[in-house]
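Right, one structure below, let's go through it.
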Amino acid sequence: MTNLLALLSSAIWWVLGSSVGAVLPSLIAWVVLRWSEGTAVVFNRTYLACLIWSLFVLLLGGAIAIHLGVQHAPLGMLLNNDAFRISQALSMVVGVLALWRLIPRTDARRIRFGSACMAMAVIMVVGFGVATTLAST
């Protein structure tokens, strides 16, 4: 019973952490997509796409971090690992596909694939900037 409760608690924290972690990327993606598309995009769908992406990133990145034994700062060893770099590239692909497939414009057409790539690139630039700042402390 204790193991079941621990697993349930971990799943709840994974979803809560992902939902909080998806707020800033969704704001960044929403601004970039408004600029790139030249028209308004639906924010709640942008948040949904970023939430799905965030769930995937935390699951994959957390699994690699636990496998490497990196669970606290400094994160330099994690950032220099090839498996983590490959997982980040894979997460970018998943993020682009989630943005492209899930976000409509206000005229009910899907956003362009290039716009989804641009939004994910800006999100990753900000994310890597934060990660390298944390890794150097």
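Things to note:
- Residue-by-residue Karplus 3J(HN,Hα) for the stretch 121-126, coefficients 6.51, -1.76, 1.60, Hz, glycine and proline x: 5, 5, 4, 5, 4, 5
- Solvent accessible area, Å² - residue 43, 1.4 Å probe, full protein context: 80
- Radius of gyration and Dmax over the Cα atoms of the chain, both given in Å: 16.2, 54
- Solvent-accessible surface (1.4 Å probe) assigned to residue 51 amounts to roughly 40 Å².
- Where 39, 106 fall by accessible area, highest first, once all protein chains stay in place (1.4 Å): 106, 39
- The residues of the stretch 1-59 have, on average, 62 Å² of accessible surface per residue, using a 1.4 Å probe with all protein chains present.
- Accessible-area composition of the chain, carbon plus sulfur, in percent [1.4 Å probe]: 74
- If you wrap the stretch 62-137 in the convex hull of its Cα atoms and look at it from every side, the mean projected area works out to 5.6 nm².
- In order along the stretch 9-17, the Karplus-derived 3J(HN,Hα) couplings, from 6.51 cos²θ - 1.76 cosθ + 1.60 at θ = phi - 60°, round to 5, 5, 5, 5, 5, 5, 5, 5, x Hz, and Gly and Pro are given as x.
- Over all other residues within a Cβ to Cβ distance under 11 Å of residue 100, the charged ones net out to +3, with Lys and Arg as +1 and Asp and Glu as -1.
- Calculated mean residue ellipticity, 222 nm, the chain: -27500 deg cm²/dmol, from DSSP H runs (n ≥ 4) at -39500 (n - 2.57) each, averaged per residue and rounded to 500.
The values are calculated or read from the model by the stated rules, or taken from the named source; none is laboratory data. Note that the coordinates shown come from a computational prediction; the quantities given were computed from them, not determined experimentally. When we count neighbours, we look across all protein chains shown, and the Cβ atoms used for this are built from the backbone with ideal geometry, even at glycine. These area figures cover heavy atoms from the full protein model, side chains too; ligands, DNA and RNA do not enter into them. Shrake-Rupley method; radii C 1.70, N 1.55, O 1.52, S 1.80 Å.
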